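The values are calculated or read from the model by the stated rules, or taken from the named source; none is laboratory data. Every value quoted in this text rests on a predicted model; they were computed, and no experiment measured them. Cβ atoms come from the backbone with ideal geometry, glycine included; neighbour counts cover every protein chain shown. We work out accessible area using only protein heavy atoms, side chains counted, and drop any ligands, DNA or RNA first. Shrake-Rupley method; radii C 1.70, N 1.55, O 1.52, S 1.80 Å.
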Amino acid sequence: MALSDKSRRDDKQTDDVTASELEVLMANISKIMEEEDSKVFSNEVISEFRNPHNPERMADADGSGMADGLCGDMMEMFVKTDGPRIVRCSFFTDGCGATVASGSRLARFVEGMTVDEASSVRPIDLVSLLGGLPEDHEHCAALAVIALRNALRNVEERRRAEG
Ligand code: FES
């Protein structure tokens with residue numbers, strides 16, 4: 001799947017195309033899409049997208065938060081803490097490839113930070129960690145940062161509620 005494409009491969013095989021022909025065709029299409037992606041996205045974005053860090057809803061999170069983008073995409077972030085420190089961070093999104101890369105890079109970045117340190121991470125910091133994003137995808141980084149801040153707020157709320 002290409003970064004800019006949310007659609008999934010249709011594995012149905014037609015009668016007049018053999019499995020190996022289809023495989024070659026898909027490999028060629030995939031290569032073309034990867035070449036197009038690399039013209040638009042940095043190596044960091046492509047690498048995070050291909051190997052995302054903790055892309056899951058965390059069942060035992062100490063805090064979770066979400067953010068909805070004007071584009072219609074959604075991002076959720078989850079944090080597990082040990083005292084003041086974030087020991088694990090995960091994300092879940094139905095958004096584009098840049099959003100996957102943003103959630104992944106942010107989750108990776110804040111693990112080991114204190115809640116206060118992570119709260120001060122700005123969208124521009126994340127864009128910079130990703131080696132830049134195209135202007136029309138900068139909001140993807142903002143979505144991840146907003147979701148994380150909401151998750152960190154949720155940690156504080158839960159702590160206050162527990163006394
Ligand atoms: Fe909507 Fe990336 S295009 S979050």
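Table for the structure above
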quantity: Per-region count, segment 150-163, residues more than 16 Å from the ligand (Cβ to nearest atom) and under 18 Å from residue 77 (Cβ atoms); calculated: 9
quantity: Tally of residues being more than 8 Å from the ligand (Cβ to nearest atom) and free of Cβ contacts under 8 Å to residues at least 12 places away in the same chain across segment 69-103; calculated: 2
quantity: Residue in segment 105-113 that is in a helix (DSSP H, G or I), crowded, with 24+ Cβ neighbours inside 10 Å and of a type in the set (Gly, Ala, Ser) present; calculated: yes
quantity: Qualifying positions in segment 116-137 - assigned to a helix (DSSP H, G or I), modelled with pLDDT of 95 or more and either farther than 20 Å from residue 62 by Cα or open to solvent by 10 Å² or more (accessible area, probe 1.4 Å) (or both); calculated: 116, 117, 119, 123, 124, 125, 126, 127, 128, 129
quantity: Residue ID - farthest from residue 113 (Cα to Cα), chosen from residues in segment 66-86 that are in a strand (DSSP E or B) and open to solvent by 80 Å² or more (accessible area, probe 1.4 Å); calculated: 68
quantity: Every residue from segment 111-129 that is in contact with an Asp or Glu (Cβ under 8 Å, 6 or more places away or on another chain) and more than 19 Å from residue 69 (Cα to Cα); calculated: 115, 129
quantity: Any pair with Cβ under 8 angstrom, 6 or more apart, that starts in segment 124-138 at a residue that is within 13 Å of the ligand (Cβ to nearest atom) and ends at one that is not in a helix (DSSP H, G or I); calculated: 127/133; 130/42; 133/41; 133/42; 134/41; 137/96
quantity: Residues that are farther than 22 Å from residue 128 by Cα, open to solvent by less than 30 Å² (accessible area, probe 1.4 Å) and aliphatic (A, V, I, L, M), drawn from segment 23-65; calculated: 58, 61
quantity: Residues located in segment 80-114, provided they are over 13 Å from the mean Cα position of the chain (by Cα) and on the phi < 0 side of the Ramachandran plot; calculated: 80, 81, 82, 84, 85, 86, 87, 88, 110, 111, 113, 114
